[in-house]
Every structure is written in structure tokens, then in C-alpha cells.
Amino acid sequence: MKVIRWTIITIAIVFMLLLGIAAPAAFIGLAVYLIGLYLNNQYRKYKINFKRSGWIMAAGFVLSIFLATADSDATETVNEPEKKQIVTDQDEAGKAEEEKLAEEKAKEEEAKKQAEEQAQLEAEQEEKQKQEEAEKQKQEQDQNQAAESLGLELVTIGRVVDGDTIETSDGRKVRLIGVNTPETTTRVEKYGKEASQFTTSELTGKKIWMQKDVSDTDRYGRLLRIIWVDIPTDDMDENEIREKMFNAHLVLNGYAEPSTYNPDVKYSEYFREFGREAREANKGLWALGDEGTTKGDLDSAAASSSSSSSGNVGGSGSNDSSGTASSSGSSTESYQNCTELRKVYPSGVPSTHPAYDSKHDRDKDNYACER
């Protein structure tokens with residue numbers, strides 16, 4: 001009987017200890033229970049003190065259960081907001097994670113889209129470049145065909161000798177046909193430096209097309225050529241001559257006078273027209289005088305070369321008072337020296353003039369006794 005009693009007491013104490021661990025307030029009931037147990041033991045041993053200690057033990061046991069239950073409810077009540085907060089935090093964390101994943105996915109899609117657009121742009125640029133190259137090749141082929149049909153030779157200018165003479169990059173000297181700029185080499189004529197500077201600025205280092213008329217070279221071994229800065233569609237069209245032929249540019253801008261030498265006369269009429277146009281507008285060298293500053297087709301001496309000077313013809317063919325000698329049946333004129341020739345032709349005469357004599361042409365430029 002005693003064993004059963006202590007077993008029950010032990011179970012009750014263990015139970016209340018567990019309640020106390022779960023809910024600390026239950027230890028109060030355990031304390032009351034232990035007090036009741038103590039008083040009960042005293043009563044059993046000595047028959048003293050409180051007789052109803054069993055009620056105290058029962059009250060302590062019930063109090064322990066009650067306090068444990070109340071503490072548990074209170075704890076749940078207190079922890080409810082925390083639980084809600086935890087749930088809320090977890091939800092927010094979940095949403096943040098979802099948003100982050102969505103943002104990363106959007107970035108990946110955007111990067112993919114940009115990569116596709118870049119690839120498409122590069123493909124379009126490559127296709128455009130191919131088309132441009134194909135078009136450029138076609139243009140070059142068309143140009144080569146046009147140049148071949150017009151007898152044009154593509155060269156690069158190495159240096160400029162003077163206004164009407166250039167040298168190609170391979171060392172060939174070229175004299176421009178049909179024009180004559182003021183001298184800057186053996187002597188310096190008015191407006192010669194300006195003409196040389198114009199040719200230098202327009203042609204040095206550039207690629208041009210050379211065109212032959214009839215003659216290949218002059219007596220000095222220089223090539224005689226027309227210079228085109230661009231290939232003409234029709235090399236006899238006046239507008240294209242004005243726009244694309246450098247020989248014409250010299251005359252139109254007053255840097256050169258038209259100067260015709262047979263048999264290279266393909267563009268002579270154009271050059272004379274351009275020369276008169278520049279003279280009327282007082283351009284360049286024509287602003288310095290109606291005779292220009294060098295010899296050419298528009299000089300008064302050159303204009304009179306088509307007719308003989310009948311006043312200089314003697315009946316017997318002997319020298320007259322002017323020092324000239326000629327025969328009535330001849331179209332040539334002869335002068336002992338440049339002093340006598342200049343009395344009749346103050347500016348000298350070109351090689352096409354009846355009075356021209358190579359012995360008076362000391363600089364061998366096809367113009368005798370020029371000043």
C-alpha cells in the first residue's frame with residue numbers, strides 16, 4: 001500500500017515538473033503540492049500539524065494543471081502576433097524572391113532581345129556593305145569602260161611644274177593642250193605664280209585622266225594631253241567640258257589664255273569661247289589688260305596672223321627700210337632679229353605665224369620674240 005502511494009506521488013511530481021517545464025507558472029502548483037506532501041508526512045509520523053494536508057496536495061496538483069493551461073494560452077496569445085509577423089515576413093520574403101526572379105528573367109529576355117537586334121543590325125550592315133562594294137565595283141567597271149572608249153588614261157599627279165605643265169607619279173612630264181599660262185620657270189610673267197598655285201592646289205597628289213588629241217609629244221618630249229578630273233559621259237558636251245576638264249578650268253578662271261597649235265585642235269573653239277568669256281568678265285590675268293599677260297589665240301598679233309603684211313613686201317625681194325625681206329609670191333615673212341620683228345609685232349609671234357623663225361625662239365616654246 002505504501003509503495004502504491006509513493007508511486008502515485010512520484011508520478012504526480014513528475015507530471016507537474018513536466019508542466020512546469022512547459023509552463024513555468026505550473027511550478028507554483030508544484031510548490032503547493034510539495035508543501036502539502038511535507039505536512040502529510042509530518043502528520044503521519046508525529047500525528048501533529050495539519051490533518052488535511054492531502055487537500056493541499058490535491059489543490060497544488062490542480063493549481064499546477066490550471067496554471068500550466070493558463071500560461072500556455074497566454075503564451076499562444078502573446079506569440080500570435082509574432083507568428084503572424086513571421087508568416088508576413090515569410091510571405092514578403094517569398095514575394096521579394098519572386099520579384100527578383102521575375103526581374104532577372106526580364107533582364108535575361110531584354111539581353112537576349114538586344115543580342116538578337118545587334119545580330120540583325122550587323123547582318124544588315126554586312127549586307128549593305130556587300131551591296132555598296134558590288135555597286136562600287138560596277139561603277140569602277142563602268143568607269144573603266146567609259147575611259148577606254150574615250151581613250152583616257154588614269155594617272156596620279158606627282159608634282160606641278162607650272163600652270164600648264166605637270167609631272168605624273170611615274171616621272172612623265174605632261175604639257176596641257178590648247179592653253180598657255182604665264183611663265184614661272186625660265187622667266188616670270190605677270191599672274192604666272194597665281195596660275196602655278198592654282199594648278200598645284202587643284203591637282204597635286206590627285207588621280208586624273210589624260211586624253212590624247214593627235215600629237216603624242218612636243219619637241220621637248222613632253223606628253224601633249226587634255227586633263228579630265230572626272231570621266232565625261234560625252235567628251236564633246238560643253239557642260240561636261242566646263243565641269244570636268246582641267247584645261248577648260250584654267251581658261252574659264254582666267255589662269256590661262258587659249259593657245260592653239262595644229263594638229264591638236266579638237267577643243268580649240270571651246271577654249272577660245274571660254275577665253276573670251278573670261279576676258280569679258282575680267283577674270284584672272286585678263287584683269288591686267290585686254291592682251292592678257294602671255295601669248296595666246298586672243299592676242300591682237302595672233303589675230304592678225306591669218307593675213308600677210310603686204311606693206312612689208314618689196315617688189316624686188318630686197319630688204320626694205322624696215323629691215324624685212326620677202327617676195328611677192330610668198331606668204332612667209334623674214335626678220336633679221338627680234339628687234340626688227342617687234343617693230344611690226346610687239347608681242348612676238350607663235351609658231352603658226354608667217355613671221356615665226358625658230359632662230360628667234362630661244363626658249364623653244366613655239367613662240368618667237370615674246371616679251
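The values are calculated or read from the model by the stated rules, or taken from the named source; none is laboratory data. No experiment lies behind these values; they were computed from the predicted model shown. When we count neighbours, we look across all protein chains shown, and the Cβ atoms used for this are built from the backbone with ideal geometry, even at glycine. Areas reflect the complete protein model, heavy atoms only, side chains present, ligands, DNA and RNA absent. Shrake-Rupley method; radii C 1.70, N 1.55, O 1.52, S 1.80 Å.
Considering only residues in the stretch 239-253 that are among the polar types (S, T, N, Q) and in contact (Cβ under 8 Å) with a residue 24 or more places away in the chain, the one that is most open to solvent (accessible area, probe 1.4 Å) turns out to be 253.
How about the stretch 82-97: which of its residues are among the basic types (Lys, Arg) and modelled with pLDDT of 80 or more? Before the answer, list the steps.
Of the residues in the stretch 82-97, the ones among the basic types (Lys, Arg) are 83-84, 95.
Matches in the stretch 82-97: 95 only.
Hey, does the stretch 153-160 have a residue that's in contact (Cβ under 8 Å) with a residue 24 or more places away in the chain, surrounded by 18 or more Cβ atoms within 10 Å (Cβ to Cβ) and more than 21 Å from residue 283 (Cβ to Cβ)? So far as the stretch 153-160 goes, yes, one or more of its residues are in contact (Cβ under 8 Å) with a residue 24 or more places away in the chain, surrounded by 18 or more Cβ atoms within 10 Å (Cβ to Cβ) and more than 21 Å from residue 283 (Cβ to Cβ).
Looking across the stretch 127-181, the residues that are assigned to a helix (DSSP H, G or I), of a type in the set (A, V, I, L, M, F, W, C) and under 30 Å from residue 260 (Cα atoms) come down to 146, 147, 150. Residues that are open to solvent by 50 Å² or more (accessible area, probe 1.4 Å) and among the polar types (S, T, N, Q) within the stretch 202-223 comprise 204, 217, listed in sequence order.
Cβ separations smaller than 6 Å between residues 6+ apart or across chains give the following pairs from the stretch 273-298 residues that are open to solvent by less than 20 Å² (accessible area, probe 1.4 Å) to residues that are in a helix (DSSP H, G or I) and charged (D, E, K, R): 286/279. What about residue 48, is it under 25 Å from residue 5 (Cβ atoms), more than 60 Å from the chain's Cα centre (by Cα), among the β-branched types (Val, Ile, Thr) and modelled with pLDDT under 80? Taking the combined requirement at face value, the residue satisfies it. Among residues of the stretch 118-141 that are surrounded by 10 or more Cβ atoms within 10 Å (Cβ to Cβ), none has a Cβ under 9 angstrom from a residue that is part of a helix (DSSP H, G or I) at a sequence gap of 6+ or on a separate chain. Residue by residue through the stretch 149-196, note down the ones that are out of contact with any Asp or Glu (no Cβ under 9 Å at 6 or more places or on another chain) and under 17 Å from residue 255 (Cβ atoms). Of everything in the stretch 149-196, those that are out of contact with any Asp or Glu (no Cβ under 9 Å at 6 or more places or on another chain) and under 17 Å from residue 255 (Cβ atoms) turn out to be 164, 165, 166, 188, 190, 191, 193, 194. Taking every residue in the stretch 208-222 that is β-branched (Val, Ile, Thr) and pairing it with any residue that is part of a loop (DSSP other than H, G, I, E, B), at least 6 positions away or on another chain, the pairs with Cβ-Cβ distances below 6 Å are 208/229; 214/263.
When the test is whether a residue is open to solvent by less than 70 Å² (accessible area, probe 1.4 Å), under 30 Å from the mean Cα position of the chain (by Cα) and of a type in the set (Ser, Thr, Tyr), residue 199 passes it. Got at least one residue in the stretch 173-193 being among the small types (Gly, Ala, Ser) and crowded, with 20+ Cβ neighbours inside 10 Å? Within the stretch 173-193, one or more residues are among the small types (Gly, Ala, Ser) and crowded, with 20+ Cβ neighbours inside 10 Å.
Can we say residue 146 is within 30 Å of residue 213 (Cα to Cα) and among the hydrophobic types (A, V, I, L, M, F, W, C)? Write out each step before concluding.
Values: within 30 Å of residue 213 (Cα to Cα): yes; among the hydrophobic types (A, V, I, L, M, F, W, C): yes.
Judged against the criteria, residue 146 is a match.
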